[in-house]
Amino acid sequence: MIKPLRVTVRPAYRNEWDDAMALAWRVFMQFEAKDYPPEGIESFQDFITDSVLYRMFLLGEYQLFAAYDNGRMIGMISLRNQTHISLLFVDAAYHRRGIGRRLIQYVGDYVLREEGHGFVTVNAAPYAVEFYHRVGFTDTDVRQIQDGIWYTPMRKCIKN
């Protein structure tokens, strides 16, 4: 029997950065790394361990939000340039339980409130393309590759 979740979503605190990046790495290796050559895996690791990215987070130029179940981080989502989802990962034990959808909704609400316009973009990994389609994203271009990372550019209009 699956126990009911007590999920909250909120901005991540400074001291939660390492936990969020560890979650991203763990889920990436479990579900996505198989789709990438060694160059892509190294590119992803370089991205999540980049000190410039961390400084941007500390300065409020890179937003990080997380989902928690009884205080334990179970998912995370980040925004680059205020409207581009740069990372979205959910712990494997919580897949298909609405956590990713809640994170997308939270970010959509944030973008409407902070930016005043209603769209978000993402470069979806092969593993995540169908999820993004299910939550309302549409492809804006064909699948591409950069630094060994395959992705499909997508966009979602956010409605009040």
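The values are calculated or read from the model by the stated rules, or taken from the named source; none is laboratory data. In this text the structure is predicted, and so the values were computed from the model without any measurement. Virtual Cβ from ideal backbone geometry, glycine too; neighbours counted across all protein chains shown.
Summary of computed values
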read-out	value
Residue in the range 1-49 that is farthest from Val107 (Cα to Cα), counting only those that are in contact with a helix residue (DSSP H, G or I) (Cβ under 9 Å, 6 or more places away or on another chain) and assigned to a loop (DSSP other than H, G, I, E, B)	Tyr36
Residues of the range 1-25 classified as of a type outside the set (Val, Ile, Thr) and in contact (Cβ under 8 Å) with a residue 12 or more places away in the chain, total	14
Qualifying residue in the range 46-62 (condition: touching a residue at least 60 places away in the same chain (Cβ under 8 Å) and of a type outside the set (Gly, Ala, Ser))	no
Selection count where residues are crowded, with 18+ Cβ neighbours inside 10 Å and either at positive phi or aliphatic (A, V, I, L, M) (or both), scope the range 138-160	3
Residues of the range 57-80 satisfying the condition of being touching an Asp or Glu at 6+ places or on another chain (Cβ under 7 Å) and of a type in the set (A, V, I, L, M, F, W, C)	Ala66, Met73, Ile74
Total residues in the range 64-73, condition buried (at least 20 other Cβ atoms within 10 Å of the Cβ) and either of a type in the set (Val, Ile, Thr) or over 12 Å from the mean Cα position of the chain (by Cα) (or both)	0
Which listed residue, of Asp18, Asp35, is at pLDDT below 95 and within 20 Å of Asp91 (Cβ to Cβ)	Asp35
Pair list, Cβ < 8 Å and 6+ apart or interchain, from the range 96-114 residues that are without any contact (Cβ under 8 Å) to a residue 12 or more places away in the chain and under 15 Å from Gln82 (Cα atoms) to residues that are surrounded by fewer than 20 Cβ atoms within 10 Å (Cβ to Cβ) and of a type in the set (D, E, K, R)	none
Candidates Asp46, Asp91 - the one that is more than 28 Å from Leu5 (Cβ to Cβ), among the acidic types (Asp, Glu) and at pLDDT 95 or above	Asp46
Close pairs (7 angstrom Cβ cut-off, 6 or more residues apart or separate chains): within 15 Å of Gln105 (Cα to Cα) and of a type in the set (Gly, Ala, Ser) in the range 65-76, part of a strand (DSSP E or B) and modelled with pLDDT under 95 anywhere	Ala67/Val7
Pairs, first in contact (Cβ under 8 Å) with a residue 40 or more places away in the chain in the range 123-135, second surrounded by fewer than 16 Cβ atoms within 10 Å (Cβ to Cβ), C-beta under 9 Å, six or more apart	Ala125/Asp35; Pro126/Asp35; Pro126/Arg143; Tyr127/Lys34; Tyr127/Asp35
Qualifying residues in the range 85-137 (those that are in a strand (DSSP E or B) and of a type in the set (Val, Ile, Thr)) - the one surrounded by the fewest Cβ atoms within 10 Å (Cβ to Cβ)	Thr121
